[in-house]
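Okay, structure first, notes after.
The values are calculated or read from the model by the stated rules, or taken from the named source; none is laboratory data. A quick note: this is a predicted structure, and the numbers were derived from the prediction, not measured. Neighbour counts run over all protein chains shown; Cβ positions are idealised from the backbone, glycine included. Protein only, heavy atoms only, side chains kept; ligands, DNA and RNA dropped before computing areas. Shrake-Rupley method; radii C 1.70, N 1.55, O 1.52, S 1.80 Å.
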Amino acid sequence: TKTVSKCYVQVTGMTCASCVANIERNLRREDGIHSILVALMAGKAEVRYNPAVIHPSAIAELIRELGFGATVMENCGEGDGILELVVRGMTCASCVHKIESTLMKTDGVLYCSVALATNKAHIKYDPEIIGPRDVIQVIKDLGFTTSLVKKDRSASHLDHKQEIRQWKRSFVLSLVFCIPVMGLMIYMMVMDSQLSDAHVHHNMSNEEMEALHSSMVLEYQLLPGLSVMNFLSFLLCVPVQMFGGWHFYIQAYKALKHKTANMDVLIVLATSIAFVYSLVILLVAMAEKAKVNPVTFFDTPPMLFVFISLGRWLEHVAKGKTSEALARLISLQATEATIVTLGPDNVLLSEEQVDVELVQRGDIVKVVPGGKFPVDGRVIEGHSMVDESLITGEAMPVTKKPGNTVIAGSINQNGSLLISATHVGADTTLSQIVKLVEEAQTSKAPIQQFADKLSGYFVPSIVAVSVVTLFAWIIIGFVDFEIVEKYFLGYNKSISAAEVIIRFAFQASITVLCIACPCSLGLA
């Protein structure tokens, strides 16, 4: 017998089925090549050749001469079929040994491992020699019942519904509390500007001034040092910090546990520090029974959370859209196939319905009018029109006669066809498209990886900058108090200089954190 080797060639530059036909037709004529199978989506050609006559590099060269790019793929293990089975009826280790040893003796089985505890068998085989149905038959002959491990065809791992719900909740919650906070802030700003205008013009009587002051309801002190404004802001801020920021806290904790700093860490840092600082300053003011209300940052957390949770929500909605497209693609796959046995002169001897994953290369599959093609194949007998719009997008049905190729997932229209399976399981065009889309979703663009890397350095550096700011202002303050006085407007003259400096330094450093937190890098 002539020795036959198998090699895989990566082919680039194929655009449609005629390219495939062109390569297959031309290479079949060459000496030493037994068969060639080209998969368009995978960009892969599987060639069986006689190593005494021709070498893989020469095969690649032949494809190149046809005007395509071709390189020989080193790892040929991809051609192995992998089968996952559930085996029932095993009682002890000797059953396991019996199955394993029998399978390993079977021609074409490369590897086999059976686990008694889980009732699962994992088998690697060469699809050229043996197929999944043969393997199942071998196990059945030993007296065990066996079935395929059911694959999850619904693509539930691509579902972003839960995340979308979670971020939407987060956003709505933050928004509900953020609007009043912003309202209060704007009201305060307007009132402040009116007051300062009044001070400037001095043409108001004292009564009018006092009326204006008393109209500042928000500055009214409920308790010494606790104004209505600050109290309301505090009340509105707590739920956002607790519930709106819940997911951020979890994520930030996980990141810190792995000694990395991501955007979540920064968000949590900024909001927590702003919140805690404001709370402490309020308590201090209440303890001092201060006449002037302290400047708090309770407006920061709700507003930050609103923008960021909105961003995350939109991101997951966008991801959900691609996943939906994928799930639709996956749902186009047929679940069952009708396999027929042919006698001489293509006489139908028998037919049986099998799971589509059990179809082997070389099987003869019958497709009735209105049925879906379960696998990629070549027509042996029959004439029909086929709707291939799922792959090609063309609305007109395509005529199929013996020798034409058909694509899995496309719909047979009027005639019954017999096809010989060429690409099955994970090698069909549809599976390849699904795989490509999945890979595109999971892989990151280089620029995105760069941004992730940067934000890893970004977080610690921002924290460092804010700490530097804190100490810088403390030092400046103690050296030259006038500078602080110039920038720190409206501070209470009754408190000591040291306290003024420290308060101002904290304000400056928190401002740095809060401004850097929703940085364009992270949001983008």
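About the centre of its Cα atoms, the chain shows a dipole size close to 900 debye [charges on the beta carbon of Lys, Arg (+1) and Asp, Glu (-1) only; nearest 20 debye].
Considering only protein heavy atoms and a probe of 1.4 Å, how much of the accessible area of the chain is carbon and sulfur, as a whole percent? Write down the numbers at each step before the final one.
Details: 17330 of 28070 Å².
About 62 percent, which is the carbon plus sulfur part of the accessible surface.
The accessible area of F231, taken with all protein chains in place and a 1.4 Å probe, comes to roughly 80 Å². Residue by residue, segment 223-238 carries 3J(HN,Hα) couplings of 10, x, x, 10, 7, 4, 4, 5, 5, 4, 4, 4, 4, 6, 7, 4 Hz when phi is fed to the Karplus relation 6.51 cos²θ - 1.76 cosθ + 1.60 (θ = phi - 60°); x denotes Gly or Pro. Computed from the C-beta positions of F478 and F307, the FRET efficiency with R₀ = 35 Å rounds to 0.40. The residues neighbouring I339, those whose beta-carbon lies less than 11 Å from its own, together hold a net charge of -3 under the Lys/Arg +1, Asp/Glu -1 convention. Label sites at T335 and W246, each approximated as a point 7 angstrom past Cα along Cα to Cβ, lie 3.6 nm apart.
Across segment 1-153, the fraction of Cα-Cα pairs farther apart than 18 Å, rounded to a whole number, is 63%. From the residues Q507, L142, A270, which one has its Cα farthest along the dipole of the chain in the positive direction, the dipole being from +1 and -1 charges on Cβ of Lys/Arg and Asp/Glu about the Cα centre? The listed residue farthest towards the positive side: L142.
Placing unit charges on each Cβ (+1 for Lys and Arg, -1 for Asp and Glu) gives the chain a dipole about its Cα centre, and among F171, T106, N412 the Cα reaching farthest toward its positive end belongs to T106. Length available on full extension from S113 to S420: 0.36 nm per residue minus the Cα-Cα distance, which gives 107.4 nm. Our estimate of slack between S5 and E315, defined as 0.36 nm per intervening residue step minus the Cα-Cα distance, is 106.7 nm. For I330, the solvent-accessible surface computed with a 1.4 Å probe is close to 20 Å², ligands and nucleic acids excluded. Rolling a 1.4 Å probe over the protein chains gives T422 an accessible area of about 20 Å². Coupling constants for segment 68-74 follow from the phi torsions by the Karplus curve (6.51 cos²θ - 1.76 cosθ + 1.60, θ = phi - 60°), and in residue order they are 10, x, 9, 9, 6, 8, 6 Hz; glycine and proline get x. Karplus-based coupling profile of segment 185-190, in residue order and whole Hz: 4, 4, 4, 4, 4, 4, with θ = phi - 60° in 6.51 cos²θ - 1.76 cosθ + 1.60 and x standing for Gly or Pro.
In this structure the amide hydrogen of E381, modeled in the peptide plane, comes within under 5 Å of the amide hydrogens of L418, none closer than 5 places in sequence on its chain.
The three principal axes of the Cα atoms in segment 81-148 give end-to-end lengths of 33, 21, 18 Å, sorted in falling order.
Gain on full extension, evaluated as 0.36 nm per residue between D355 and E30 minus their Cα-Cα distance, stands at 113.3 nm.
Per-residue accessible area (protein heavy atoms, 1.4 Å probe) orders H34, H55 as H55, H34, starting from the largest.
Relative to the Cα centre, the charge distribution of segment 5-72, modelled as +1 at Lys and Arg Cβ and -1 at Asp and Glu Cβ, gives a dipole magnitude of about 140 debye. Each stretch of four or more DSSP H residues adds -39500 (n - 2.57); spread over every residue of the chain, this sum gives -16500 deg cm²/dmol at 222 nm.
Here the label points at R328 and S147, each 7 Å from Cα along the C-beta direction, are separated by 3.2 nm in the simple model. The orientation-averaged projection of the convex hull spanning the C-alpha atoms of segment 267-352 amounts to 10.3 square nanometres.
Figure note: K319, K257 ranked by solvent-accessible area, largest first, 1.4 Å probe, ligands and nucleic acids not counted: K257, K319.
Computed over segment 333-429, the P(r) curve from all C-alpha pair distances, binned at 5 Å from the origin, holds 3, 15, 27, 27, 19, 6, 2, 0 percent per bin. Only one item in (1) 114, 58, 44; (2) 64, 59, 53; (3) 77, 56, 47 matches Cα extents along the principal axes in Å derived from the coordinates shown, and that item is (1).
Each 10 Å bin from zero up to the one holding the largest Cα-Cα distance in segment 5-72 carries the following percent of pairs: 23, 63, 13, 0. Rolling a 1.4 angstrom probe over the protein heavy atoms with all chains in place gives the chain an accessible area of 54 Å² per residue. Accessible surface comparison of I411, I164, probe 1.4 Å, protein chains only, largest first: the order is I411, I164.
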